[in-house]
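Right, one structure below, let's go through it.
Since every read-out is calculated from the coordinates, none of them should be taken as a lab result. Keep in mind it's a predicted model, so treat the numbers as computed, not measured. No Cβ is skipped: glycine too gets one built from the backbone with ideal geometry, and neighbour counts run over all protein chains shown.
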Amino acid sequence: MQPHHSAPLGKIAVAAQDSAQRDRAQALAQQLGTHCVEPGQAHAPPAVQALLWVGAGALSLQAVAAGGRSPGPISVDFGGAAMRHRRRGGQNELLGKAVGIGKKPALAVLDATAGLGRDSFVLADLGCAVVLAEREPVVLALLDDGLERAARAEDAWLNRVAGRMTLHHGEASTLPAAVLNTLDVIYLDPMFPERDKSAAVKKEMALFQTLFAGGTTADDAAQLLDWALGCDVARVVVKRPLRAPCLTPQQPSHTIAGKAVRYDVYVLRSLR
């Protein structure tokens with residue numbers, strides 16, 4: 001099973017940034033089963049804690065705060081400066097080593113807790129074919145939008161990387177057997193507790209914790225790991241805070257540690 005972090009959609013409304021986007025916003029609101037805030041409407045309904053903005057650019061999610069002091073919006077921008085900077089980061093080498101880059105050409109990886117897709121994108125950039133599983137409808141909408149924009153961008157590198165990514169709408173355990181049987185690696189990042197001290201990540205985690213309260217728990221993550229270990233894959237990789245305990249009593253085959261996080265690697269068979 002995938003960790004449960006579904007938000008009551010009454011907390012989130014869709015909003016068009018201008019009248020030209022009204023039809024798109026209304027269609028997305030209907031798809032998500034929530035209401036749409038009309039362009040120019042002064043205030044969101046009282047229960048709404050975040051707005052999913054539909055504009056000419058990226059789809060974005062933004063907290064609603066009293067006094068107009070909302071933090072900036074969150075979107076999925078695989079071609080943005082932050083992702084391009086991350087390509088050069090040393091952590092990518094650790095993630096690649098953990099999943100087994102180089103041991104087999106074109107590894108097939110399932111990111112069973114896709115979130116905003118950053119680790120999935122890094123893995124795809126390293127040459128993996130990546131399936132992203134995500135169950136939260138609003139996060140799925142952000143991922144869909146980010147992948148669509150990456151696919152149509154005038155950037156051959158971005159097009160190639162996005163072409164290695166496939167989005168699965170739903171829990172990882174609902175993947176068809178035909179897809180599960182092609183996988184080499186299952187990757188898990190349970191997203192707790194908060195690890196990264198950067199302002200952007202803290203903003204995202206704070207918003208997600210507000211919207212998806214009662215979400216990923218240690219028990220949820222342990223169940224997901226048990227499910228992954230029962231799949232016919234070569235290895236399972238779990239991203240953990242550096243000093244956090246293992247998710248289950250079963251100890252990993254080995255661990256690859258960085259400065260802030262580590263990767264617990266459960267080797268079930270050879271990748272070769």
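Report the extension gain between Asp144 and Leu180 in nm, rounded to one decimal, defined as 0.36 nm multiplied by the number of residues separating them, less their alpha carbon distance.
Working: separation 36, 0.36 × 36 = 12.96 nm, distance 2.13 nm.
The span from Asp144 to Leu180 would gain 10.8 nm if fully extended.
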Using alpha carbons only: equivalent-ellipsoid semi-axes of the stretch 81-267, gyration tensor based, whole Å:
22, 20, 18
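Give me the extension gain from Val267 to Arg243: residue separation times 0.36 nm, minus the current Cα-Cα distance, reported in nm with one decimal.
Extra length from Val267 to Arg243 when fully extended: 6.5 nm.
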Inter-centroid distance (Cα atoms) of the stretch 132-171 relative to the stretch 224-272, Å:
25
Most packed first (mean Cβ within 10 Å per residue), the peptides 107-116, 44-53, 228-237 order as 107-116, 228-237, 44-53
Sticking with the crude label model, points 7 Å out along Cα→Cβ, report the distance from Lys103 to Arg152 in nm, one decimal please.
4.0
Over 17 Å [Cα-Cα, the stretch 9-68], rounded percent:
29
Find how much the distance from Ala257 to Ala82 grows on full extension, using 0.36 nm per residue of separation minus their present alpha carbon separation; answer in nm with one decimal.
60.7 nm
